[in-house]
Each structure stands twice: as C-alpha cells, then as structure tokens.
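For reference, the structure discussed in these notes is given below.
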C-alpha cells in the first residue's frame with residue numbers, strides 16, 4: 001500500500017504538511033497517547049502551494065513544527081510561517097543535505113529546553 005503517490009513535480013510543502021497531519025499524526029488511539037508530537041519540515045525551495053493553513057492546522061493540533069531550510073534557494077519568510085514560534089528556536093538552516101545531520105543536536109536541545117518551561 002502506498003501512503004503518498006507523488007504524481008506532480010515541484011515543491012508542494014503545504015500538501016506534505018497536510019498529509020502528515022491527516023495520516024501520520026491522525027487521531028488514532030496510539031498517537032493520541034503520545035505527549036510530544038514533532039514534525040520536521042525540510043525544504044530546499046519555495047513551495048508552489050499554501051503552507052500557512054496547513055502549518056496553522058498542525059500547530060493547532062499540538063504538533064511542534066520545525067522548519068529546516070537547505071541551501072540558498074529557500075525563502076526565510078516561508079520557513080517562519082511553517083515553524084512554531086519563536087522562529088529563532090524552530091527555524092534552522094543547513095548549507096546542504098550533507099550537513100543537515102548537524103542540526104539534530106540543536107533541535108534536541110531546543111526541544112528539551114522548551115518542554116522544561118511548559
């Protein structure tokens with residue numbers, strides 16, 4: 001069974017976020033028992049669809065959203081609209097895909113700090 005059939009070209013970040021909210025973070029019994037739900041949206045370009053509504057829906061459902069921009073084709077304002085606030089915590093940048101693993105420690109630290117203050 002295919003979860004997502006990629007039929008189009010281009011960057012559809014909003015569609016991907018909506019898919020994750022509807023299918024990965026669905027309101028099943030198993031998922032609803034998880035306290036900390038985290039989505040990491042990785043993009044290397046400007047989305048060709050609306051990311052604002054999908055991102056707002058994700059955050060409204062209690063999903064913590066990180067936005068990771070890779071390379072120099074990204075749009076900072078779009079990353080800010082995707083991620084939780086403050087953007088200084090939830091928007092991250094990687095030079096390229098070979099350096100993206102360096103962000104893991106930063107995300108982990110920011111998440112731990114965030115949950116200590118809740």
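The values are calculated or read from the model by the stated rules, or taken from the named source; none is laboratory data. Everything numeric in this text was worked out from a predicted model, so none of it was measured. For neighbour counting, all protein chains shown are included, and Cβ atoms are generated from backbone atoms with ideal geometry for every residue, glycine included.
Brief remarks on what is shown
- Residue 54 being surrounded by 15 or more Cβ atoms within 10 Å (Cβ to Cβ), under 14 Å from residue 106 (Cβ atoms) and touching a helix residue (DSSP H, G or I) at 6+ places or on another chain (Cβ under 6 Å): no
- Filter pass, residue 21 being farther than 22 Å from residue 93 by Cβ, buried (at least 18 other Cβ atoms within 10 Å of the Cβ) and at pLDDT 85 or above: yes
So that you can scan it fast, the table gives a plain yes or no per residue for (1) modelled with pLDDT of 85 or more; (2) surrounded by fewer than 16 Cβ atoms within 10 Å (Cβ to Cβ):
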{"site": "27", "(1), (2)": "no, yes"}
{"site": "45", "(1), (2)": "yes, yes"}
{"site": "63", "(1), (2)": "yes, no"}
{"site": "89", "(1), (2)": "yes, no"}
{"site": "98", "(1), (2)": "yes, yes"}
{"site": "104", "(1), (2)": "no, yes"}
{"site": "108", "(1), (2)": "no, yes"}
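- Selection within the stretch 63-86 - within 17 Å of residue 39 (Cα to Cα) and free of Cβ contacts under 8 Å to residues at least 12 places away in the same chain: 85, 86
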